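These notes are about the structure you will find just below.
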Amino acid sequence: MELFTQLFIKALEGQKVEVHFPDAEFDLSEKIESVSLATLRRIREIVMDDALDDPECFKKIEEIVCTYEQLGIHCGVRHDFG
């Protein structure tokens, strides 16, 4: 399936794509912007905690990755340190 996906992407490379949701009751770009801003704020709060030592920072990086995963954004398998 992965090979098919890669070939499919390559075949469509450079093609114009339009997606429409005629029954959507919200502005998709506003929704994405709102979620993105909230995510950036949360990550900033995590990173700006000066009271953390190295082990705590390590945990906070995992927390950042989990924040992405809660939004459905996959960050790979290398982050699973525990």
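Helix content alone sets the calculated 222 nm mean residue ellipticity of the chain: runs of n ≥ 4 DSSP H residues at -39500 (n - 2.57) each, divided across all residues, give -19500 deg cm²/dmol. For the chain, which whole percent of the accessible surface, found with a 1.4 angstrom probe, sits on carbon and sulfur atoms? Of the solvent-accessible surface of the chain, carbon and sulfur hold 58 percent.
Grab the Cα-Cα distance for Cys66 and Glu30, subtract it from 0.36 nm times how many residues apart they are, and report the gain in nm with one decimal. Walk me through the numbers before you get to the answer.
Details: separation 36, 0.36 × 36 = 12.96 nm, distance 2.33 nm.
Additional length available on full extension: 10.6 nm.
List the longest stretch of the chain that has no exposed loop site; here a site is one of the trypsin sites (Lys or Arg not before Pro) assigned by DSSP to anything other than H, G, I, E or B, with at most 13 other Cβ within 10 Å. Here the longest segment lacking exposed loop sites spans 17-77. For GluC sites (Glu not before Pro), the sites in the range 1-60 that DSSP calls loop and that have at most 16 other Cβ atoms within 10 Å are Glu13, Glu18, Glu25. Per residue, the chain exposes 94 Å² of solvent-accessible protein surface, assessed with a 1.4 angstrom probe and all protein chains in place. What shape does the chain have by the C-alpha gyration tensor, where a ≥ b ≥ c are the square roots of the eigenvalues, rounded means a/c under 1.5, and otherwise prolate means a/b greater than b/c and oblate the rest? Oblate. Taken about its Cα centre, the chain carries a charge dipole of about 280 debye when Lys and Arg each add +1 at the Cβ and Asp and Glu each add -1 at the Cβ.
The values are calculated or read from the model by the stated rules, or taken from the named source; none is laboratory data. Being a predicted model, the structure only gives us computed values, none of them experimental. Cβ atoms come from the backbone with ideal geometry, glycine included; neighbour counts cover every protein chain shown. Just the protein is used for accessible areas: all its heavy atoms, side chains included, with ligands, DNA and RNA removed. Shrake-Rupley method; radii C 1.70, N 1.55, O 1.52, S 1.80 Å.
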